[in-house]
1. Is it the case that residue 117 is of a type outside the set (Gly, Ala, Ser), out of contact with any strand residue (DSSP E or B) (no Cβ under 8 Å at 6 or more places or on another chain) and modelled with pLDDT of 95 or more?
2. Any residue in region 84-99 that is of a type in the set (Gly, Ala, Ser) sitting within a Cβ distance under 8 Å of a residue that is not in a helix (DSSP H, G or I)? List the pairs, counting only those 6 or more apart or interchain.
3. Can you tell me which of (1) in contact with a Phe, Trp or Tyr (Cβ under 9 Å, 6 or more places away or on another chain); (2) at pLDDT 95 or above is the one residue 87 doesn't meet?
4. I need a count of the residues in region 23-48 that are out of contact with any Leu (no Cβ under 9 Å at 6 or more places or on another chain), part of a helix (DSSP H, G or I) and not charged (D, E, K, R).
5. Evaluate the following for residue 102: is it touching a residue at least 24 places away in the same chain (Cβ under 8 Å) and touching a strand residue (DSSP E or B) at 6+ places or on another chain (Cβ under 9 Å)?
6. Would you call residue 164 at pLDDT 95 or above and either under 15 Å from residue 65 (Cβ atoms) or among the small types (Gly, Ala, Ser) (or both)?
7. Quick one: would you say residue 168 is part of a loop (DSSP other than H, G, I, E, B), without any contact (Cβ under 8 Å) to a residue 40 or more places away in the chain and either in contact with a helix residue (DSSP H, G or I) (Cβ under 9 Å, 6 or more places away or on another chain) or surrounded by fewer than 18 Cβ atoms within 10 Å (Cβ to Cβ) (or both)?
8. Sort through 180, 188, 92 and tell me the only one that's surrounded by fewer than 18 Cβ atoms within 10 Å (Cβ to Cβ), within 15 Å of the chain's Cα centre (by Cα) and closer than 14 Å to residue 57 by Cα.
Amino acid sequence: MHTGKDRLAAFNDAVLAIVMTIIVLEFSVPNPLTLESLLGLWPQVAAYAISFFWLGAMWINQHNFWHALSYVRTRTVWVDLVMLFFSSFFPLTTHMVAANFDSSLAQVTYGVVILGVTFANVALYRRLVADNPQVEGLDPAILGSRWRMWADIGLKVVGLVLSATVFPPAMTFSVLATLLFLVIPPQLAEG
């Protein structure tokens, strides 16, 4: 059975937009409201910005990829649902990191969600390529090249291990590094 790609893309857009909006709703307004209390929001703002732009970069990759496709199979829709399932945890894990930046448990939980989304995206792109054999030139790698895909996964795994063992904030920093050095530059180079 084949499903229309436009319907699935619209569903992804809606779910990701909701997830990205809910993240900001987790902010707490300082009381009393002072410049010092606003500056104290930096962990929330940093966690929000990293999660928002990471999800946004994922959406851009999907948006660019889906244009070349004709259709998707039901199995692929299930893989997409797994990716959206992990993505739906972003508000919770972002809030955990914002409130407990130096907590190994918060950072590892965030990392598990990040890696869940990453692996689901790799599987999703591979399924989409398999569903559309007539489209030439599709690269199943999540970031456009295999070395970037493996560097992305590798940095996140290193961040997860460091967060669990010796340096809790390593997960957030690894996500920021992959975003700034592996994900955004190729997107900007495409125009």
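1. Numbers: of a type outside the set (Gly, Ala, Ser): yes; out of contact with any strand residue (DSSP E or B) (no Cβ under 8 Å at 6 or more places or on another chain): yes; modelled with pLDDT of 95 or more: yes.
Against the criterion (of a type outside the set (Gly, Ala, Ser), out of contact with any strand residue (DSSP E or B) (no Cβ under 8 Å at 6 or more places or on another chain) and modelled with pLDDT of 95 or more), residue 117 qualifies.
2. The qualifying pairs are 98/26.
3. Residue 87 satisfies all of (1) in contact with a Phe, Trp or Tyr (Cβ under 9 Å, 6 or more places away or on another chain); (2) at pLDDT 95 or above except (1).
4. Qualifying residue count, region 23-48: 12.
5. No: the conditions fail for residue 102.
6. Yes; evaluated as a whole, the condition is true for this residue.
7. no
8. 180
The values are calculated or read from the model by the stated rules, or taken from the named source; none is laboratory data. As the structure is a prediction and not an experimental result, all values here were calculated from the model. Reconstructed Cβ throughout: ideal geometry from the backbone, glycine too, with neighbour counts over all protein chains shown.
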